[in-house]
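Read-outs: derived from the displayed coordinates by stated rules, not from any lab. Every value quoted in this text rests on a predicted model; they were computed, and no experiment measured them. Reconstructed Cβ throughout: ideal geometry from the backbone, glycine too, with neighbour counts over all protein chains shown.
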Amino acid sequence: MTSTRVLILGGGYVGLYTALTLKKKAGKQVDITIVDRRPYMTYQPFLPEAAAGSIEPRHVVVPLRRELPGVRIVQGKITEIVHAERRVRVEMDFGNTQDIEYDEVVVALGAIPRTLPIPGLAEIGVGFKWVEEAISLRNTVLGRIARAASTEDPHVRRRLLTFVFVGGGFAGIEAFAETEDMARAALRHYPELAPADLRFVMVEAATRILPEMGEEMGGYTLEVLRKRGMEIYLATRLESCENGRIKLSDGQEFDADTVVWTAGVKPNPVIAASDLPVGPRGHVNTLPTLQIANEDGTVVEGAWAAGDNAQVPDLATGEGAWCAPSAQHAVRQARLLGANLAAHLGGREVKEYRHKHLGVVASLGLNKGVAQIMGVKLRGWPAWFMHRTYHMAQIPSFNRKARVVVDWTTALFFRRDLVSMGRLHDPRRAFEEAAES
């Protein structure tokens, strides 16, 4: 019997969990291929702790080949989807292209940062979606502190120690709070610097932060962070950061070498350029069964989608609602997608996705957090503990769970490692200098 060729576009939450479920339920009935630029899934909720040194960065990624034996992994960038011909075009990192044909496709490309044409942003801004960016931010902050301690110029020191974050959603607030907590801890080793020398600035265009948590918990978070001396400007936009000169819409101007952009995401643009039906915001249209559908509701045969790049009806909320772009939805959708695809191939009935959001959790630094679980609001240490417990349970594989727990246990007895390894981003510099001498 010929196996059905299933092509999964993307190796994130949806890609990994769909493949795991499909392998379990369909077995040799399917031949699975995953295409992604990275050979691992990044567990994004742990990126702030990886940036802050609480978790080893390698432990927040899940190697696809290790977790999916028997699944073909193709490393490359998807540049074209032609569903009418049942093929995609993949551009490899070393320049050549490859066309991959399929019988069934799962669109799990996720989202990319939603940037704006702000002068200077492309030159000095850094995102916070991948483990590479978390490592870079950690090394950048610690490197800036070390350089600031070595200069006598107050203007240079002020510029080095000013860190600007744009976007007050979950990713932005957690990165903002965890990084400040790490920077403050690092000052123990720099008697030349005082906590007042650090300047952490958050810029948010909306009138509140953490909107998913509601006004009360968002207001509490705002109060906690401001008491730590962190500056948060609401209803304010970043207008320019050319050459490190920060200009805000409220008229403020100051210098900073570090700008972290966490102001939202958008679906991968390759979807809009495909022949799949796309909604007004660039998401692929899906039915509650996670089958891709045309505007009139007819199923596009052989096409499935879930996660941040999909417009999935939220049946638990009501008519007209769509599932929020969260890991909680993505993981559950992926499991159902894998089960539905296996059922479809076996001639069985597919099920609709229905999940009531359990709540939200956010870390605000070591031993500090905020959470809202099934209507119960938690603050401080209980919320931080809930954040760690929930995400430890959700990160895939026993291997990664065990490694993360070891990291946390070690941190109970030893302070986190606060060494900058900025030369990682330019490993050949020392050799080039030696060759020139």
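Only bridges whose two residues both fall in the chain count here: according to DSSP, what percent of them are antiparallel, nearest 5?
Given both bridge residues lie in the chain, the antiparallel proportion sits at roughly 50 percent.
Do any chymotrypsin sites (Phe, Trp or Tyr not before Pro) in segment 82-183 lie in a DSSP loop with no more than 10 other beta carbon atoms within 10 Å, and if so, which?
Those satisfying the criteria are Phe94.
Check cross-link reach from Lys23 to the aspartates and glutamates: straight Cα distance under 13 Å, and skip same-chain residues fewer than eight apart.
Qualifying aspartates and glutamates at Cα under 13 Å: Asp31, Glu67.
Among the trypsin sites (Lys or Arg not before Pro) within segment 373-418, which fall in a DSSP loop and have no more than 13 other Cβ atoms within 10 Å of their own Cβ?
Those that pass, being in a loop and sparsely packed, are Arg415.
Which distance in Å, rounded to a whole number, links the C-alpha centroids of segment 345-418 and segment 36-112?
23
For the chain, with a Gaussian network of springs between Cα atoms less than 10 Å apart, report the residue from Val203, Val405, Val141 with the top mean-square fluctuation.
Comparing Val203, Val405, Val141 in a Gaussian network model of the chain, the most mobile one is Val405.
Go through Lys25/Lys356; Lys25/Lys351; Lys77/Lys401 and tell me which ones have a Cα-Cα distance over 18 Å in this structure.
Working: Lys25/Lys356 25 Å; Lys25/Lys351 15 Å; Lys77/Lys401 29 Å.
Over 18 Å Cα-Cα: Lys25/Lys356; Lys77/Lys401.
Among His391, His283, His329, which one shows the biggest mean-square fluctuation in a GNM of the chain, springs joining Cα atoms closer than 10 Å?
Of the options given, His391 has the highest mean-square fluctuation.
Loop only per DSSP, at most 14 neighbouring Cβ atoms within 10 Å: give me the GluC sites (Glu not before Pro) in segment 267-320, ordered by residue number.
On the way: sites: Glu295, Glu301, Glu319; in loops: Glu295, Glu319.
Answer by residue number: Glu295, Glu319.
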